[in-house]
Amino acid sequence: MKQRIYRLLELQEGFWGKAIQWFVTVAILLSALTFILETVPKFKDYKSFFRCSEFVFIGLFTIEYLLRLYSQPKRAKWALTNPFAIIDFFAIVPFYIELLLPFFVDARMLRLLRLIRVVARILRVGRHRDTIDVLVGVIRKTWKELTTGIILAVIVALIASTGIYYAEYVFIEDDIIRNDNFSDMAKCLWWSVVTLTTVGYGDVYPTTILGKIFATFVMLGGIAMIALPSGLIAGAFIEEIRERSGKR
């Protein structure tokens, strides 16, 4: 029985193994959807329905976790070291803490527990698909290049924030008037990150001629800075998927 459960849940063998895999994946996505709908004011009258559905999902995930734990040859090692086991644990335990210890959980702790529960539950989708394994493989192949890219991005962001800080001066009759949007380096750093990543919220923007010219070069540099690692990661994804397809 134990080996049968292990083959169904962990190895996902045969029709029933794949069926269980898809069933749990759909349940995870539905539980995330109910959480989203629960926060919409329009559906506040359905609070009891959302609460009941949460009990159903938690019951399902708890049974699955216990069956996985039961089928493991080394249960303690699996529960404490397996990343997916840890994610499964945090997807269900916050609910029981909230349920069994309501008087010891304040509002901030309650929000934290719910956040952990929802995030862990969404991450559980990776257990039932190859997504997480592919992502880990890509990171392993490109971690040196990604680290170099991150360091380069930090350097460029600091240079851009410093440049816009000094570019947004206006001299009027020997008086220096500063653009309030760039009154300190923290605001300048925020602008440089938003601009370099090509997000462009528009909440902070230069007003001087020199600032606009400098911002133009920062924008062009941001496009190049995003394009280079994007191509690298895309290539690594293609290579990883081809390798996995060749092994099957």
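The values are calculated or read from the model by the stated rules, or taken from the named source; none is laboratory data. Small disclaimer: the values here were computed from a predicted structure and weren't measured. We place every Cβ from the backbone using ideal geometry, glycine too, and count neighbours over all the protein chains shown.
Among the residues of the range 184-207, the one identified as assigned to a helix (DSSP H, G or I), touching a helix residue (DSSP H, G or I) at 6+ places or on another chain (Cβ under 7 Å) and of a type in the set (Gly, Ala, Ser) is 192. If you go through the range 35-43 one residue at a time, do you hit one that is over 24 Å from residue 93 (Cβ atoms) and in contact with a His (Cβ under 9 Å, 6 or more places away or on another chain)? Among the residues of the range 35-43, not one is over 24 Å from residue 93 (Cβ atoms) and in contact with a His (Cβ under 9 Å, 6 or more places away or on another chain), which makes the answer no. Scanning the range 26-68 for residues that are polar (S, T, N, Q) and surrounded by fewer than 16 Cβ atoms within 10 Å (Cβ to Cβ), we see that the one that is modelled with the lowest pLDDT is 39. Residues of the range 81-93 that are over 15 Å from residue 64 (Cα atoms) and within 19 Å of the chain's Cα centre (by Cα): 83 alone. Every test in (1) modelled with pLDDT under 75; (2) part of a helix (DSSP H, G or I); (3) not assigned by TED's automatic domain parsing to the domain that holds residue 24 is passed by residue 111 save one, and that test is (3). Among residues of the range 86-108 that are modelled with pLDDT of 80 or more, those with a Cβ under 8 angstrom from a residue that is acidic (Asp, Glu), sequence gap 6+ or separate chain, pair up as 88/64; 95/54.
Within the range 69-81, the set of residues being hydroxyl-bearing (Ser, Thr, Tyr), surrounded by fewer than 16 Cβ atoms within 10 Å (Cβ to Cβ) and either closer than 18 Å to residue 95 by Cα or touching a residue at least 12 places away in the same chain (Cβ under 8 Å) (or both) comprises 70 only. Among the residues making up the range 8-22, a single one is without any contact (Cβ under 8 Å) to a residue 24 or more places away in the chain, surrounded by 15 or more Cβ atoms within 10 Å (Cβ to Cβ) and touching a Gly at 6+ places or on another chain (Cβ under 8 Å): 8.
Kindly provide the set of residues from the range 23-60 that are touching a residue at least 12 places away in the same chain (Cβ under 8 Å) and farther than 26 Å from residue 75 by Cβ, ordered by number. Listed by number, the residues that qualify are 29, 30, 32, 34, 35, 37, 38, 50, 53, 54.
Going residue by residue through the range 221-230, is there one that turns out to be at pLDDT 90 or above, surrounded by fewer than 18 Cβ atoms within 10 Å (Cβ to Cβ) and not basic (Lys, Arg)? Within the range 221-230, not a single residue is at pLDDT 90 or above, surrounded by fewer than 18 Cβ atoms within 10 Å (Cβ to Cβ) and not basic (Lys, Arg).
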